[in-house]
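Please read the structure below before turning to the comments.
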Amino acid sequence: MGSDSLEGSWRPRVDDRLVNEVLMSALTLPTLLVAHELKLFPLLAERPRTLEELRQELNIERRPLRAVLRLCASRGLVSIQDGRYALTPEAEEYLLESSPASYSDYLNLLKATSPLLTFESVKAAVLSNAPQAYGGGTDIFKTHEEQAEQARSFTRMMHGHSVGPASAWPDHLDLSGHHHMLDIGGGSGAHSIGAARRWPHLRATVLDLPTVCDVAREYLTQAGLRERVGTLAADMWQDSLPKADLHFYSEIFHDWPPEKCLLLARRSFESLEPGGRIVVHEMLYDEEKQLPYPAAAYTVGMLLWTEGQQFTGPELSALLTQAGFVDIELKPTFGYWSIATGRKP
Ligand SMILES: C[S@@+](CC[C@H](N)C(=O)[O-])C[C@H]1O[C@@H](n2cnc3c(N)ncnc32)[C@H](O)[C@@H]1O
């Protein structure tokens, strides 16, 4: 300890709010996962309830229950009015299992992989520059090819995360002149569903690993879109791409280093006819690569799971230009999400 600092009229130059925000945020996710496991949110969705009512329903003591509720309230997931706790619109849309855009399976996966979200795991990822998921050092998608259950949990997690933005980006492009969208690494098919709902003439194909296509067919059936949206079990790196006039990549580029993204963009350029369009959907960094906070945190997530990182808009534009696309546009679409799009001349 510097003894000088204790003398005279020394004060820190700034207060410690920021440091407390950052350090205390470590408790938010575990608390949210506990609330999710306790099924606190569906209980509040039935009707606003007092602490005493919740205590009786959940059989938990007042002190811990109040602590959980107040942390949720401080983050805007719960509101408190006249002594009753209720869900905010954000919690209703994204935290209830019954909501179409539910992050419930996302929370389930975070719970199941909670050893990843630790000091040891982040340290190992930072020091080794190798993903740590599933025991570390593996390509998670190769693991998914062999472990159907892990592929299913991952795909369900991605579905909840994708439904909201998938309902929005198709409003930002005129797809009336396009006929067939190839949703490369399409996962659950959330984005094909979003596009097909917005553009009723459009057909789509979800291209992904065989185990993932099985899950996609379940979601497509639920959406009543099996006639217009098909699946294709294929390897996006090696297999020839079927005919389509729109190539769509959501959260594919952020899984890979830029040189591999360029390879994908070039494969699309070769496969599309002139006039064909590429769309890349990602959560983008701003140009300084500092904000928004979720994009910066997501890049640490990518260290833990993949070889990738989040991009800035200009980085995606440059990749598409390098692959030969023209008329590049960047459009913010929903929350932190954006698309980059270009046309084959
Ligand atoms: C981060 S997820 C994105 C899923 C979906 N596009 C979305 O935004 O919801 C990455 C997807 O790429 C798929 N994928 C990874 N390697 C692949 C490959 N070689 N061929 C086809 N799909 C692949 C994964 O199975 C997974 O569904």
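Read-outs: derived from the displayed coordinates by stated rules, not from any lab. Keep in mind it's a predicted model, so treat the numbers as computed, not measured. Note that we place each Cβ from the backbone using ideal geometry, even for glycine, and neighbour counts take in every protein chain shown.
Structure notes:
- For the chain, calculated [θ]222 nm from helices alone, where every DSSP H run of n ≥ 4 adds -39500 (n - 2.57): -13500 deg cm²/dmol
- Using Cβ point charges alone (K and R +1, D and E -1), the dipole size of the chain about the Cα centre works out to roughly 540 debye.
- Three-way shape label, region 10-94, alpha-carbon gyration tensor, a/c 1.5: prolate
- Sum of side-chain charges, H201 neighbourhood, beta-carbon under 15 Å (Lys, Arg +1; Asp, Glu -1): +1
- Close lysine pairs were tallied over the chain: pairs 8 or more places apart or on different chains with Cα atoms under 19 Å apart number 5.
- Overall form of region 128-251 per C-alpha gyration tensor (a/c, 1.5; a/b vs b/c): prolate
- Charge context of G164, other residues only, Cβ under 12 angstrom, K/R +1, D/E -1: -2
- Taking every DSSP beta bridge that has both ends in the chain, the antiparallel portion is near 50%.
- One Cα centroid belongs to region 220-252, the other to region 128-146; the line between them spans 24 Å.
- Taking 25 °C and 0.890 mPa s as conditions, the chain diffuses translationally at an estimated 111 µm²/s according to Stokes-Einstein applied to its Kirkwood radius (Cα pairs).
- Prolate/oblate/rounded label for region 193-345 (Cα gyration tensor, a/c 1.5): prolate
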